[in-house]
Structures are given as C-alpha cells and as structure tokens.
1. With a cut-off of 8 Å between alpha carbons and a minimum separation of six or more residues, what is the relative contact order of region 39-175 in percent?
2. Could you tell me which residue out of 62, 145, 280 lies farthest along the dipole of the chain toward its positive end? Charges go on the beta carbon: Lys and Arg +1, Asp and Glu -1, centred on the Cα centre.
3. Averaging sequence separations of C-alpha pairs under 8 Å and six or more residues apart, then dividing by the length of the chain, give the relative contact order as a whole percent.
4. At 0.36 nm per residue, and after removing the present C-alpha to C-alpha distance, how many nm does the segment from residue 40 to residue 279 gain when stretched out fully?
5. Farthest toward the dipole's positive end in region 39-175, which of 167, 87, 117, given Cβ charges of +1 (Lys, Arg) and -1 (Asp, Glu) about the Cα centre?
6. Under a Cβ-Cβ cut-off of 14 Å, what is the net charge of the residues other than residue 34 that fall near it, where Lys and Arg count +1 and Asp and Glu count -1?
7. Please identify the trypsin sites (Lys or Arg not before Pro) of region 211-242 that satisfy two criteria: DSSP loop assignment and at most 13 other Cβ atoms within 10 Å. Which are they?
8. Under a Cβ-Cβ cut-off of 14 Å, what is the net charge of the residues other than residue 86 that fall near it, where Lys and Arg count +1 and Asp and Glu count -1?
Amino acid sequence: MNILDKSGKWSEIDPGNMYSHIRQFPEQVGLAIKIGAQADLGKLDRAGVDQIVVAGLGGSAIGGDLVRSYLAEWLEVPMMVVRDYVLPNFVGKRTLVLVSSYSGNTEETLSAYSQALAVGAKILAFTSGGELARRAAADGYPVVTIPGGLMPRAALGYSFFPMLMALARLGFCPDQASAVEETRKLLNDRVGLFAGSVPQSENPAKQAALAWQKHVPVIYAGNVRFDAVALRIKCQIAENAKQLAFANVFPEFNHNELVGYGKLEHVAKLLTVFIVRDAGDHRRTGFRMAIVRKMIADLGIPVTEVETAGQSSLARMFSVIQWGDFASYYLAILNGVDPTPIAAIDHLKQELAER
C-alpha cells in the first residue's frame, strides 16, 4: 500500500500536524469572514484614495495578490502588491496602504510601514501582533487582528478574507457576502474529495503529488484571477514539500517561455506540467491552452489539466488553492520531509540578524 494511504504513519513525518491546518481550512475561512465583517476600520473610507498598495512578503503577501487578482474586474483604482523594503515613489496621502505581516515582525514590511507613515498614506494593518501591531496602534492606525500560532502559509484565510471584506466595506467593490459564503461551503464540501481517508485511486490531490514526486512541477494558468493561484501552488510545493516548482500564466508565457521547450533533452524527463482550466478563461486563452497542451505532450512531457469548481469566480479560485494545498502536503509525505519547518528561511533570517 502507498504511504499516502497509510495516514497512521504520517505523524512520524508531520509532527507539527500541518495536515490538520489544511483539513480545517474551511473553518478558518468561516472565522476569517467574521473577522472581516467585524473589524474596526477606523475613519478610513473610499474618498480620497487613488491607488491601493499591499505591503507584505511570503504567506502574508499572497492574500493581497489573490485579492488584487480577484477584484480586478471591479476596482476603479490600481492595486499592487509590494514585496520589498521600499514602496513606490507614487505612494502618498491619496494611497491606501494595506500592511500585511502575519507575525508582525517582518523586517521588509516594517520598513514599508515606516515609509507609508512618513508620506502620510492611509494605513490599515493586518497582523496577529508583533511590532506592526504595536507601531500601528501607537500611531493611531486601525489594526485588523488575526489569530496567531500558524505558519503564514497555513493562515491564508486570515490574510485574504479580512482584506477582501475590508475593501468591500470601504466601497471599493460590491458586497462579497454571497461569494465568500459560497466559497466557505464549497471548501467544506470538497474536503471529502481530498482528505487523507480517500484512497489515492480516487483522490485528485494524491494523484497530483505522485505525478510531482521526483519531477519538477510547472503550473500554468490564465492570467485573469488565476495568476496568484498558480503562484500559491508553486510556493506551497516549495515550502511544504521542500521541492522546486515553477509557475507562469497564459498568454504571457506563450510569448517567451514557450520557446524554451525547444532544447530540453537534458531535463524533459524531469518535468510535469499542470494547466489550470477555468470557465472564466478568455476564449482565446482557452484555444492557447489546448494548443500548448498538445505541443508539450508531443515532447513526451506529461501534461495534466485541472478544472476549477464552483459558481462564483472566488469559489473557483479557492477550489484550486485547496487542491494545491492538499497535493503539496501529500508530496511532502512522499518526500519524507516535515512540511512545517522552513530551515532555509530561518537560516537566512539568522544570518541577516547578524549584519
């Protein structure tokens, strides 16, 4: 029997029980929705805002990326995510800066906060505590407090839904109550599709993990709404399974990266490609996906299509995120690595602290 069908042995590999966080994600989403609905937004409002900037890194930034991508069809002001110490020069008094740091102690994000403060931007912080909570409260800015104690990547519900609902409450997009409730229910219903008790022969997440094992997964998706979804899956594979993966989007990669498949004799056998297909993909993008799938398959590289589920675009986005979270976890089990620790990142932070 495959180890993926021997859940009793997982605790030896996963002592931190990352599985429970992935399994209980729908419950996290439910709590995150309540936090977003009840959070004190201070005196912030839609008036006087010409652009929105999210400052964050890693698991604290991906929520902002997903919000940006999801709200693209509604936002009347530009929104961007900054993963750096320095904010763009245009940030000023008419900029809403959403500062996102799960721990509250991310040095790049604290630097961006200081810059936003110095130029008089409108600021809203999202954190479980730490230095960001202390500074924002002392400076008189509202703080949306989220539960702590998780790895940031396991807290996506907290980094996404409060931010989305805050923007809706401030008038940047229509009310999201229906979409977020559908998403919560869909995630809850689909746990039974990916759960550890479902055998590999019937479990799409376990099947993906088996395809990824000893390969380099490449995730392709449409740019509209799914650029950040592809990025999320790539990062989950890297952090949970300690394995490299890559991601890109249609149609952009058709204008450059696609040509790179021309000379692959030395690495072709290592690649496996997954294409995310969604009912909302642009018609021409759908044609591109079909053509590219055949081009890559003709090179002998396995290509798998992943279909989204749900009615609203938000539910469809999270249907794939949930699949990717489970699949990356099962890949960690196959690789025999604890999905929770991030030793390389911890080492980097330690080295930086000494400089």
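1. 31 percent
2. Going by the charge dipole, the pick is 280.
3. About 20 percent, as a whole number.
4. Result for the pair: 82.4 nm of gain on full extension.
5. 117
6. -1
7. Counting only loop positions with at most 13 other Cβ atoms within 10 Å, the trypsin sites (Lys or Arg not before Pro) in region 211-242 are 214.
8. Result for the neighbourhood of residue 86: -2.
FYI, it's all coordinate maths here, none of it is from the lab. Every value quoted in this text rests on a predicted model; they were computed, and no experiment measured them. Ideal geometry is used to build each Cβ from the backbone, glycine not excepted, and the neighbour counts take in all protein chains shown.
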